[in-house]
Each structure stands twice: as C-alpha cells, then as structure tokens.
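S.K.: First the structure, then my questions, so here it is.
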Ligand SMILES: C[S@@+](CC[C@H](N)C(=O)[O-])C[C@H]1O[C@@H](n2cnc3c(N)ncnc32)[C@H](O)[C@@H]1O
C-alpha cells in the first residue's frame, strides 16, 4: 500500500470523488452520488449497516415500501462496484411499526437474490444489552446477510478461527486413531457470533454492540463494533483489497480495514459523522484510538458484585411482582 492519503472528500478535493491513490477514503455526500464515482469491480468487500428507517436522528422515517424502494436504487450500484470474487455483507435489525416487527433481512434477501447475488450465510450477531420490551420478548440479536457475486469468492477461514472447545479430542478409529482430530489453528467460528473463550466453555465471548460503556463509543447512535467488521474483512478479503461501506457512519469499517492492511471507502452524508470518522482514523494511525480487541472476552460477573445480587427489597415484594419491565 502507498502512503495513506486519508481524506478524499469535500475538505481535500471535489465532493464525492473516489481518489485513486488514497488508501482510506471518507466521502462526505449522498450514497448514490458517491457510488457513481467508484470504478466497476473495485471492492472485494461491500459491508454496511444501512439506516433501518426507525426514526433515528440521521434518517427521515417513511413507509416500509418507500424505504425499500430507495434501498433498491442503491443495490445495482453496490453490485456494479463489487469485484467478481467479492462479497457483500448487509447487517440489519428490525423495522417496527405500531408494535409490529418487520425483520429487515427478510425484505432485503429477495432484493439481493433478484439482483443475482448468492447467499453464503445468515449470521446471527448476538448481544446482551438493549431495550427491555414490555409487549414482546426483548430483542438481543441482529443479522448479517453474507452474499457473494460468483462462486469464485475469497474466503480465508484460518485468520478468523476461534479456539476449539475440546482441542484434545482425538480420532477414535481408523488410520489416524489417537491423533488429534481438530485443527491446531482452532475451529470455524460458525454463523452465530458469540463464541467460546476457552476449552472449558464457561465464559462466552461476544461482540457487544457499541453502547455507552464500550471503549469505541462516539456520539453516533448505531455504531458497528470494529471487531464485527474485522472478522468479515479478514475472512472475505486479502491485504491490499478495497472494502467499501456505503453508509459509513463514524468510520468503523475504515478502521477495521486500515488495521488489517486493506484499503477502504466510507460514504457518509452527515458532515459531523465524517469529521468523527476522520478523527478516529487519525487516532488509529497515531496509536491512540481506543478499540475493543478482537475476541476479548466479555466481562463475566462472578456473582459477588453488588449488581449481580438479588435486591433484598424484592423478597419483601413477593413472588408474583416482577416489576414493570418497561423500556429503560
Ligand atoms: C446505521 S448507521 C451506520 C453506522 C456505521 N456502521 C458506523 O459504525 O458508524 C447508517 C448511516 O447512514 C447514514 N446515511 C443515511 N442516509 C444516507 C445517504 N442517503 N447517504 C449517505 N449516508 C447516509 C447516516 O447518517 C448513518 O450514519
């Protein structure tokens, strides 16, 4: 890779122009305007979490049909910029209207399929925090649809293997009887992204979503954890490849790519988020950006902490009163 020319954006040149010699690009403009400047077949990975049309500060809520019609205009452009060996990862949650839940991946799947992509995995990203629902079960996962453009796609399993639960297992019959049956590099991380820390299996590693006590938290309300993107970057691209995030937010994809020696383009309409993205990239380059290391175990309560103990007052309330269970 050449010396990074970081910010091919409005501040450093024409708005929305992809910069041939940049390794990290932040394009501060509308997604369609920006994509039009990206060459055909550039990206080995397109990865994003689009707006969910749920009334966040950065979006104007419309009907589900209008939202999908808008997203449908972007899909042909995403496929145009995708390399033949490329992957597209689309991470979504639920759109909710009048208490009815519409899982967005159910709606995106036919759009991408009709556009010619092939689904390789529907990955469940499990996290332990979020709103406490009172009229349905609390949502604790979102999904990531992984599509490829052709059957000839990049997939590097070894860099993303995780420790096996029982690495000491051996073949119990045949020529290899008694020899280790697993892979010394670990096992496939599976399509459920909450994985075991050690062979003892008592501590779960999860990729937490980025909430206020997360080291990566910025003012953005829906940030990707960098480690979620990193797993896709490592598995689906090779060093020097281009990774594009069409709804780049505060640059989590740029950072995951840079950290793993890939080139990247983040597209983001909001200038304030672009400014944070540039700042995070600069901090990463200076070695000062706080990141949750990939695969770091989530804190497991020992049961001794005050917050892990059942409040004494609950014993006085009686067995049937379990509180209001309102969103917090
Ligand atoms: C779910 S967030 C993505 C956050 C990102 N994954 C991160 O880690 O920061 C969706 C982003 O899309 C941006 N956005 C919404 N409409 C857009 C448009 N038409 N063009 C470009 N960006 C847009 C929003 O400002 C928001 O930051």
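The values are calculated or read from the model by the stated rules, or taken from the named source; none is laboratory data. Remember, predicted model here, so these are calculated numbers, not experimental data. Every residue, glycine as well, gets a Cβ built from its backbone with ideal geometry; the counts of neighbours run over all protein chains shown.
S.K.: Pick from segment 259-275 the residues that are surrounded by 19 or more Cβ atoms within 10 Å (Cβ to Cβ) and part of a helix (DSSP H, G or I): which of them is farthest from the ligand (Cβ to nearest atom)?
M.R.: Among those residues, the one meeting the criterion is 274.
S.K.: List every residue pair whose Cβ atoms lie under 7 Å apart, where the two residues are 6 or more positions apart in sequence or sit on different chains, the first residue falls within segment 32-46 and is on the phi > 0 side of the Ramachandran plot, and the second residue, located anywhere, is in a strand (DSSP E or B) and surrounded by fewer than 24 Cβ atoms within 10 Å (Cβ to Cβ).
M.R.: Pairs found: 41/83; 41/84.
S.K.: Now a separate question. Name the residue that is surrounded by the most Cβ atoms within 10 Å (Cβ to Cβ), counting only residues in segment 229-254 that are within 16 Å of the ligand (Cβ to nearest atom) and under 14 Å from residue 83 (Cα atoms).
M.R.: Top of the filtered list is 244.
S.K.: Something else about it: In segment 111-137, which residues are within 16 Å of the ligand (Cβ to nearest atom), part of a strand (DSSP E or B) and under 17 Å from residue 222 (Cα atoms)?
M.R.: 125
S.K.: Sort out which residues of segment 81-110 are surrounded by 15 or more Cβ atoms within 10 Å (Cβ to Cβ) and assigned to a helix (DSSP H, G or I), and write them in order of number.
M.R.: Of everything in segment 81-110, those that are surrounded by 15 or more Cβ atoms within 10 Å (Cβ to Cβ) and assigned to a helix (DSSP H, G or I) turn out to be 81, 104, 105, 107, 108, 109.
So that you can scan it fast, the table gives a plain yes or no per residue for (1) within 21 Å of residue 232 (Cα to Cα); (2) at pLDDT below 90; (3) outside any helix (DSSP H, G or I):
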residue	(1), (2), (3)
4	no, yes, yes
41	yes, no, yes
67	no, no, no
79	yes, no, no
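S.K.: I'd like the residue in segment 197-228 that is modelled with pLDDT under 70 and in contact with a strand residue (DSSP E or B) (Cβ under 7 Å, 6 or more places away or on another chain) and, out of all such residues, is nearest to the ligand (Cβ to nearest atom).
M.R.: Per the stated criteria, the residue is 207.
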